[in-house]
Amino acid sequence: TNLFPGMIEDWRNKWKNQFPFYFVQIAPFRYKIDKKNSESQKLREAQRQTLKLPKTGMVVTLDIGDFDNIHPANKQDVGKRLARLALVNDYGFKLTPLGPILNKSEVINNSIKLEFDHVGSGLVYLADEINQFEIANSNMKYFKANVLVKKNSIFVSSDFVENPKYVRYAWSDIPKPTLFNGDRLPSSSFLIEIK
């Protein structure tokens, strides 16, 4: 989680310029060696954390990747999403620049409330697809979550989890994205601990 933001800050220091830095999140991929199905999402999470740096932006590719090709062929949509970031952040266009980004979380009773930025006209949750939300208490034993969407927020809970402390979304090498904004841009996978 330190190397990538450190590289960006180093480049900016060397050029003496706080230039924008936009990047593409690693796409889902079915790895041949079973490493508990939890390798690429750790890298995606480190990339998501980099958004804490000012003037950065990330294109999420969960919905346009290719599970059998680590370098997916669909470069056109990736390029359009990168261009969208630049148009909004550097040229003042009035668009939603990227998919939903988690910005706040809290425990309310036995539910976790998740709030997102970049929701556009509201969050879109594909409830008929495989549920990608899981929660756990301090033992980190995860259970599929019940999901309730309210415009810019999501509430997750489980009958099997009291005092929830962790929540994760699309936490596998090959997740099926189910959370988008009104512009059909996908949310990044994430794992958070509620403090």
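The values are calculated or read from the model by the stated rules, or taken from the named source; none is laboratory data. These figures come from a predicted structure and were not determined experimentally. No Cβ is skipped: glycine too gets one built from the backbone with ideal geometry, and neighbour counts run over all protein chains shown. These accessible areas exclude ligands, DNA and RNA; they are computed on the full protein's heavy atoms, side chains included. Shrake-Rupley method; radii C 1.70, N 1.55, O 1.52, S 1.80 Å.
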Problem set entry | In Å², nearest 10: area of E39 left accessible to a 1.4 Å probe | 80
For this session: Over the Cα atoms of the chain, compute the convex hull volume and normalise it per residue, giving Å³.
Result: 134
Problem set entry | I194 long-range amide H proximity, modeled H, under 5 Å | Y166, V167
Problem set entry | Members of K16/K94; K94/K151; K16/K104 lying beyond 24 Å, as alpha-carbon distances in this model show | K16/K94; K16/K104
Exercise. Using alpha carbons only, how many degrees (0 to 90, rounded to 10) separate the axis of helix 3-15 from the longest principal axis of the chain?
Worked result: 20
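Name the shape class, rounded, prolate or oblate, that the alpha-carbon gyration tensor gives for segment 29-107, where a ≥ b ≥ c are the square roots of its eigenvalues, rounded holds for a/c under 1.5, and otherwise prolate holds if a/b is larger than b/c and oblate otherwise.
Oblate.
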Exercise. Hey, got a sec? Which trypsin sites (Lys or Arg not before Pro) in segment 29-125 land in a DSSP loop and have at most 11 other Cβ atoms within 10 Å?
Worked result: K32, K35, K36, K94
